[in-house]
Structures are given as C-alpha cells and as structure tokens.
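This report concerns only the one structure given below.
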C-alpha cells in the first residue's frame with residue numbers, strides 16, 4: 001500500500017511543500033523530508049522490527065548563506081508516546097552544500113512506534129519536524 005505525504009516547510013521558501021511517497025511495507029525504504037529556514041533534512045530507512053530500523057541514511061542541506069550551520073536527526077515516539085532522539089548530525093560543508101551519513105541504524109529498549117526526521121538551523125530558533133511514519137511492525 002502506498003500513500004503520499006505532503007510535508008510543509010517555512011513560508012520563506014518559494015516552494016514550501018514537498019511531496020514524498022511513503023511505503024507502508026516493512027521491507028521497502030521509507031523517505032521523509034523536513035524543511036525550515038536555512039536547512040533541510042532527508043532521512044531514508046527500512047523498518048527491521050518493533051524496536052529497530054536500519055539501512056538508514058540522513059542527508060542535511062545548508063540552504064542559506066547566513067553563517068548558521070544546518071543540522072538533522074532521527075526522532076521516534078516510544079510505546080508510551082514519549083519523544084526520543086538519536087544523535088544530531090551537523091553539515092560542516094557550508095552554504096548550498098549537503099552532507100550525508102549512510103549505513104545508519106537505530107534501536108530502542110522500548111518500541112519505536114513512529115519515526116521522523118527533524119531539521120535545525122544552528123544559532124536560531126528555526127527547527128521543523130517531518131511527519132511521523134508509523135512502524136508497520138507495531
């Protein structure tokens with residue numbers, strides 16, 4: 001089963017929405033994107049179990065030449081509804097550039113019921129999450 005997500009970003013972008021195809025199948029890769037002023041983060045992953053994901057990558061773009069670096073991370077909601085965060089990744093390449101981390105995975109001692117990416121612009125209040133994607137094993 002496939003469905004489309006519309007992820008809304010900041011009004012500062014000329015194109016403030018990105019259309020992302022989400023697969024509900026556990027064996028297929030899932031991609032989500034978050035956009036805010038100065039940064040964009042895209043995460044791709046494959047669900048592995050009720051408490052893990054793998055084959056993951058995180059790509060962070062610095063979209064504004066403003067001396068503020070761009071950052072991104074995976075975040076999940078556990079079985080109690082609490083927000084948990086994985087390591088933050090910082091794009092150190094600078095203005096107009098992207099930096100990607102591949103071969104990532106994540107697991108939790110509790111269930112990962114939903115996963116998303118969050119983008120940040122360092123030194124500012126600009127931060128934006130993507131939509132959550134539900135874990136099909138949950």
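The values are calculated or read from the model by the stated rules, or taken from the named source; none is laboratory data. All of these numbers come straight from a predicted model, not from anything done at the bench. Glycine also receives a Cβ, built like all others from the backbone with ideal geometry; neighbour counts cover every protein chain displayed.
Would you pick out the residues in region 81-121 that are farther than 23 Å from residue 29 by Cβ and more than 16 Å from the chain's Cα centre (by Cα)?
81, 82, 92, 93, 94, 95, 96, 97, 109, 110
Conditions (1) under 23 Å from residue 111 (Cβ atoms); (2) not in a strand (DSSP E or B), marked per residue:
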{"position": "45", "(1), (2)": "yes, no"}
{"position": "53", "(1), (2)": "yes, no"}
{"position": "59", "(1), (2)": "no, no"}
{"position": "66", "(1), (2)": "no, yes"}
{"position": "71", "(1), (2)": "no, no"}
{"position": "75", "(1), (2)": "yes, no"}
{"position": "81", "(1), (2)": "yes, yes"}
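In the set 98, 69, 52, 105, which member is at pLDDT below 95 and in contact with a strand residue (DSSP E or B) (Cβ under 9 Å, 6 or more places away or on another chain)?
69
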